[in-house]
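Every read-out reported here was derived from the displayed coordinates using simple, explicitly stated rules and does not represent laboratory data. Please read these numbers as outputs of a predicted model, since none were measured by experiment. Glycine also receives a Cβ, built like all others from the backbone with ideal geometry; neighbour counts cover every protein chain displayed.
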Amino acid sequence: MLVLGPDFESHLHSHHAVQLAIGLEGDLRMRSTSTQPWSASSAFLVPPNVPHEFDAQGSTCALFYLFPGGKAYTGLQKLHGGSAIEALSVSPEIMQTLRKISASDSREQALADQVCSLLFESPATATQTPQDPRFEAVLGWINRHLDQPIKLAELASAVGISESWISHRFRQYEGVTLRRYVLCNRLRNALHEALKGYSLTDAAHRAGFSDSAHFTRTFRDAYGICPSFVLSRSEPCQVFWLNDESHSTNG
């Protein structure tokens with residue numbers, strides 16, 4: 001997920017996703033404890049589950065969230081595989097493209113995909129194994145039932161494929177487990193529905209969460225921010241799904 005917007009800041013927190021934060025109008029400030037001096041850089045990479053807080057007041061910021069195992073994360077790991085917060089430099093081409101997206105009045109998904117390719121693709125990730133058509137059927141069934149409990153045994157029976165085959169192919173093609181795939185898609189669907197104007201409760205139910213509190217708690221654990229961080233700001237955010245993320249919507 002990519003979130004673009006002005007004046008981001010956070011208190012000390014951690015999350016399951018890897019975060020790449022890029023300041024578009026100046027340096028960001030980042031630190032790993034509330035007593036540590038701030039470090040300044042145009043970009044920071046935060047590994048999963050590492051405590052941190054950041055300050056981008058007065059600047060537009062691009063926040064990328066990647067889950068370990070995904071294709072974009074794999075490409076990033078080939079360049080930066082450390083376990084501590086790392087200050088990075090970002091190419092002028094990427095900065096220029098992100099600023100163009102931020103300044104646009106229309107949704108620039110193609111440009112967001114271009115930025116992701118520049119940032120995260122490596123020769124190893126650019127050349128992908130052709131996907132088995134049977135796996136497409138698996139994904140189709142899942143995406144039609146995201147608002148319901150999904151169990152591996154039920155899925156295997158519905159598509160006529162063994163549980164072990166499905167589990168193996170998820171790691172091969174998606175780089176994540178079935179459970180992680182379902183969770184990520186539910187989070188995206190719920191946020192997508194909320195951005196369309198549904199209440200947080202209705203958006204949560206439509207995406208398969210028991211209530212808005214369940215959705216908010218799960219979203220915060222994954223991304224380190226609450227949905228309100230995106231939905232209830234005086235200055236609106238732009239949200240993009242990365243080009244290696246699967247996304248389906250209900251209705």
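One table, with the values for the structure above:
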{"quantity": "Sites matching GluC sites (Glu not before Pro) across segment 15-104 that sit in DSSP coil, with at most 15 neighbouring C-beta atoms within 10 Å", "calculated": "GLU25"}
{"quantity": "0 to 90° range, to nearest 10: angle between helix 92-103 axis and the chain longest Cα axis", "calculated": "80"}
{"quantity": "HN-Hα J in Hz across segment 190-197 - Karplus 6.51, -1.76, 1.60, θ = phi - 60°, x for Gly and Pro", "calculated": "5, 5, 4, 5, 5, 5, 6, x"}
{"quantity": "Test item: Cα-centred dipole of the chain, Lys/Arg +1 and Asp/Glu -1 on Cβ, debye", "calculated": "520"}
{"quantity": "Cα centroid of segment 39-60 to Cα centroid of segment 86-100, whole Å", "calculated": "15"}
{"quantity": "Under 12 Å, Cβ to Cβ, from ALA222 - net charge with Lys/Arg +1 and Asp/Glu -1", "calculated": "+4"}
{"quantity": "Using θ = phi - 60° and Karplus 6.51 cos²θ - 1.76 cosθ + 1.60, couplings along segment 154-165 (whole Hz; Gly, Pro as x)", "calculated": "5, 4, 4, 5, 5, 9, x, 10, 5, 4, 5, 4"}
{"quantity": "Crossing angle, helix 133-144 versus the chain [Cα axis fit, 0-90 degrees, rounded to tens]", "calculated": "80"}
{"quantity": "Distance between segment 8-36 and segment 132-182 - C-alpha centres, whole angstrom", "calculated": "35"}
